[in-house]
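In what follows, a single structure is set out as structure tokens and then discussed.
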Amino acid sequence: QVQLVESGGGLVQPGGSLRLSCAASGFTFSWYIMSWYRQAPGKERELVARITSGDYGETKVADPVKGRFTISRNNAKKTVYLAMNNLKPEDTAVYYCYANDLNFWGQGTQVTVSS
């Protein structure tokens, strides 16, 4: 069955970095657009970044994280990544991996940015 398992979240100080991973199984990973979303307490879930299918996926990054976050994928490893640099307290949220077209979510991983 389809599975998306996120990892890499944690507590980091402002200005720090984290790399989230999302390991996929149960579907032909390279065929699908993959996205990262986040949801902060009391707020709606919002798109963070998206990467198209194939070996050279085109990327789109939301304005609040542009220049700081990078999405990438390794189809051989069936994994999508979110590299987050210069983290800010407002980046604190649960980060979710999402398989577009399958409409399938991972369980989420908590990212907390605090001194």
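Scanning the range 1-44 for residues that are touching a residue at least 60 places away in the same chain (Cβ under 8 Å), farther than 14 Å from L102 by Cα, aliphatic (A, V, I, L, M) and open to solvent by less than 40 Å² (accessible area, probe 1.4 Å) yields a count of 3. Scanning the range 49-73 for residues that are assigned to a strand (DSSP E or B) and β-branched (V, I, T) gives I51, T59, V61, T70, I71. Output the residue which, of all residues in the range 105-115 that are under 13 Å from the mean Cα position of the chain (by Cα) and part of a strand (DSSP E or B), is nearest to G15 (Cα to Cα). Out of the qualifying residues, it is V111. Taken over the range 78-104, the criterion of being open to solvent by 40 Å² or more (accessible area, probe 1.4 Å) and within 16 Å of G9 (Cα to Cα) is satisfied by N85, N86, K88, P89, E90. Listed by first and then second residue, the pairs with beta-carbon distance under 6 Å, at least 6 apart or on different chains, first residue in the range 54-77 and among the charged types (D, E, K, R) and open to solvent by less than 80 Å² (accessible area, probe 1.4 Å), second modelled with pLDDT under 95 and in a loop (DSSP other than H, G, I, E, B), are R73/G57.
The values are calculated or read from the model by the stated rules, or taken from the named source; none is laboratory data. Keep in mind that what you see is a predicted model, and the values were worked out from it rather than measured. Cβ coordinates were reconstructed from backbone atoms using ideal geometry, including for glycine residues, and neighbour counts include every protein chain displayed. We work out accessible area using only protein heavy atoms, side chains counted, and drop any ligands, DNA or RNA first. Shrake-Rupley method; radii C 1.70, N 1.55, O 1.52, S 1.80 Å.
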